[in-house]
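In what follows, a structure is listed as structure tokens, so that the remarks can point back to it.
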Amino acid sequence: MKISVILKTLNEEKRIGSAIESVLTALSGIDGEIIVADSGSRDKTVEIASRYPVVIAQIQAPAKASCGVGPQLGFQYSKGEFICLMDGDMLLDATFLPAALEYLRENPRVAGVSGHVNEVNLDNLEFTRRVQRNAPENRSGVLDRLNGGGLYRRTAIEEVGYLSDRNLHGYEEFDLGQRLRMRGWTLYRLDRRFVDHFGHSINSYVLLTRRWSSKYLRGVGELLRAGSEQSRLKALADELSEIRLWFGVYVWWAFLLACLIAGFYTVGGFIAFVCALLLPIALMSIKQKSLSLGFYAVVAWCFHAAALPLGFFASRQPPSKWIESRLLKSG
């Protein structure tokens, strides 16, 4: 079999039908399979997916939903020479797979190739920031990770042991990218569309609190914990600017606390507290050319920084351990 397309799902009843149909169109003339890797949907995701010629696998207890579980779950049941990874709320561009296969054939040391992720819903501040900043999903050429998914060589994945770390609630693409790069593989993003992504359209701050409760924000801490166990902690610290940012937030909090304590004794301390509190918001608002985006960015920093130690000290399962699951439909 040439390609296994893994669709990661968790309560995607609104989009899963369209996602599968876009993959079926893209696989026309290509020997392939579609695997719906479901992390325990409580809506009609599985019911809708079962109407199509797909494989459906769903986690079972004690496995728990995480960003790292879905890809690895699908990989467990895949047979393809190449693995295409995408979310259940994405539409695959019909012309991407042939172009990606050709690039991989011409470049044998490239482990994975992707294209641009077109964000459709921009009424959410999180996705607006994602489009505006110089994020990996917005750049073409050689990259350190393939955010949003892409097409990977099975041989490269097997060389590094597993597709995604089941313990990670975020940053699973970076984790995979670093493990591949440390084995001499490279990753590449073509200057063409890969998918249309229909992200969350809910209020940005509601999304932020949901990501806290789902443990998504613990991803960096969990990644640091994995790195500490796999002798790549220094490489993570060098490559992930977010880590330095979150530790900068800790310094900012400490300074705010010192100013607040001083404010009980002097007016200057209170003034320093107010200025220190507002300065990052002002600077980010100027950078983003938007007060709402600037304020949201600083709030998001605080959420991420607070979640980092929770992720680092969380318990871990062996990342390559078989994920407890059941096969709901075999194709």
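Throughout, read-outs are computed from the coordinates displayed, never taken from laboratory work. Here the structure is a predicted model, which means the values were calculated and not measured. So basically every Cβ, Gly included, is an ideal-geometry build from the backbone, and we count neighbours across all protein chains shown.
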**Fill in**
Along the stretch 11-16, Karplus-curve 3J(HN,Hα) (6.51, -1.76, 1.60; θ = phi - 60°) to the nearest Hz, with x for Gly and Pro, reads 6, 10, 4, 6, 10, 4
**Asked** If you take every DSSP beta bridge whose two residues both sit in the chain, what share of them, in percent to the nearest 5, is antiparallel?
**Response** 40
**the stretch 267-282 - phi-based ³J(HN,Hα) in whole Hz, Karplus 6.51/-1.76/1.60, Gly and Pro as x** = 5, x, x, 5, 5, 4, 4, 5, 5, 5, 5, 8, 4, x, 5, 5
**Request:** For A258 paired with L24, estimate the spin-label separation in nm (one decimal), with each label point 7 Å from Cα along the Cα-to-Cβ line.
**Result:** 6.3
**Message:** With just the Cα atoms defining each centre, how far is the stretch 213-235 from the stretch 54-80? Give it in Å.
**Reply:** 21
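Calculate the FRET efficiency for R326 and V142 from the Cβ-Cβ distance with a Förster distance of 45 Å, rounded to the nearest 0.05.
0.70
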**Fill in**
The helix 172-181 Cα axis meets the longest alpha-carbon principal axis of the chain at an angle in degrees, between 0 and 90 and rounded to 10, of 70
**Request:** Could you please state, rounded to a whole Å, how far the C-alpha centre of the stretch 265-331 is from the C-alpha centre of the stretch 1-52?
**Result:** 31
**Out-of-range pairs (alpha-carbon distance over 26 Å; input K79/K329; K14/K79; K14/K321)** = K14/K79; K14/K321
**Prompt:** If you line up the long axis of helix 241-263 against the longest principal axis of the chain, both from Cα atoms, how many degrees apart are they, to the nearest 10?
**Reply:** 20
**Request:** Could you work out the local net charge near E33, counting Lys and Arg as +1, Asp and Glu as -1, over the other residues with Cβ closer than 14 Å to its Cβ?
**Result:** +2
**Prompt:** Excluding Y171 itself, what net charge comes from residues whose Cβ is under 10 Å from its Cβ, given Lys and Arg +1 and Asp and Glu -1?
**Reply:** -4
**Message:** Could you compute the net charge surrounding W185? Neighbours are other residues with a C-beta less than 13 Å from the C-beta of W185; K and R count +1, D and E count -1.
**Reply:** +4
**Asked** In percent, what relative contact order does the stretch 222-313 have, based on Cα pairs under 8 Å that are 6 or more apart in sequence?
**Response** 30
**Item:** Over the chain: helical MRE at 222 nm, DSSP H runs n ≥ 4 each giving -39500 (n - 2.57), nearest 500
**Value:** -14500 deg cm²/dmol
**Complete:** Subtracting the Cα-Cα distance of M182 and C302 from 0.36 nm times their residue separation yields 40.1 nm
**Item:** Sequence-distant aspartates and glutamates (8 or more away, or on other chains) whose Cα lies within less than 12 Å of K44
**Value:** E12, E13
**Request:** Would you mind checking which residues have amide H under 5 Å from I6's amide H? H placed 1.01 Å from N; only 5 or more apart, or other chain.
**Result:** I35, C84, L85, M86
**Item:** Peptides 187-195, 35-43 ordered by average Cβ neighbours within 10 Å, highest first
**Value:** 35-43, 187-195
